[in-house]
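One structure is given here, and the rest of the page talks about it.
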Amino acid sequence: MHDTVNIEATGIPMVFVASTEFFDAAVAQSQALGADPARVFVDHPIQDRTDEEIRALADGAIDEIVAAVTAAR
């Protein structure tokens, strides 16, 4: 979250991507930083997934990520 906020502050559009397990933590951290970065959440867990499953998660999230990074903020 810190990297997302810091890089976005330089004018580079960013999107924070995490699994759904970290939704509440991401919201709390965003509020603590006084920021509202674009966020996309994918299904949890990530750790034990195969490469194919990770690609499927990425494929399922790519449109939302592109929309978030290209949205006017």
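The values are calculated or read from the model by the stated rules, or taken from the named source; none is laboratory data. This one's a predicted model, so the numbers in the text were calculated from it and none came from an experiment. As a convention, Cβ positions derive from the backbone with ideal geometry for all residues, glycine included, and neighbour counts pool all protein chains shown.
Residue check: is residue 54 outside any helix (DSSP H, G or I) and free of Cβ contacts under 8 Å to residues at least 24 places away in the same chain?
no
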task = State which residue pairs qualify: first residue assigned to a loop (DSSP other than H, G, I, E, B) and inside region 28-44, second residue at pLDDT below 95 and surrounded by fewer than 16 Cβ atoms within 10 Å (Cβ to Cβ) in any location, beta carbons under 8 Å apart, and separation of 6 or more residues or different chains.
result = none
query = Looking only at residues in region 52-72 that are surrounded by 11 or more Cβ atoms within 10 Å (Cβ to Cβ) and of a type in the set (D, E, K, R), which one is farthest from residue 38 (Cα to Cα)?
reply = 53
inquiry  = For region 1-49: of the residues being closer than 18 Å to residue 66 by Cα and of a type in the set (Phe, Trp, Tyr), which is farthest from the chain's Cα centre (by Cα)?
reply    = 41
message = Among the residues of region 53-61, are any touching a helix residue (DSSP H, G or I) at 6+ places or on another chain (Cβ under 6 Å) and at negative phi?
response = no
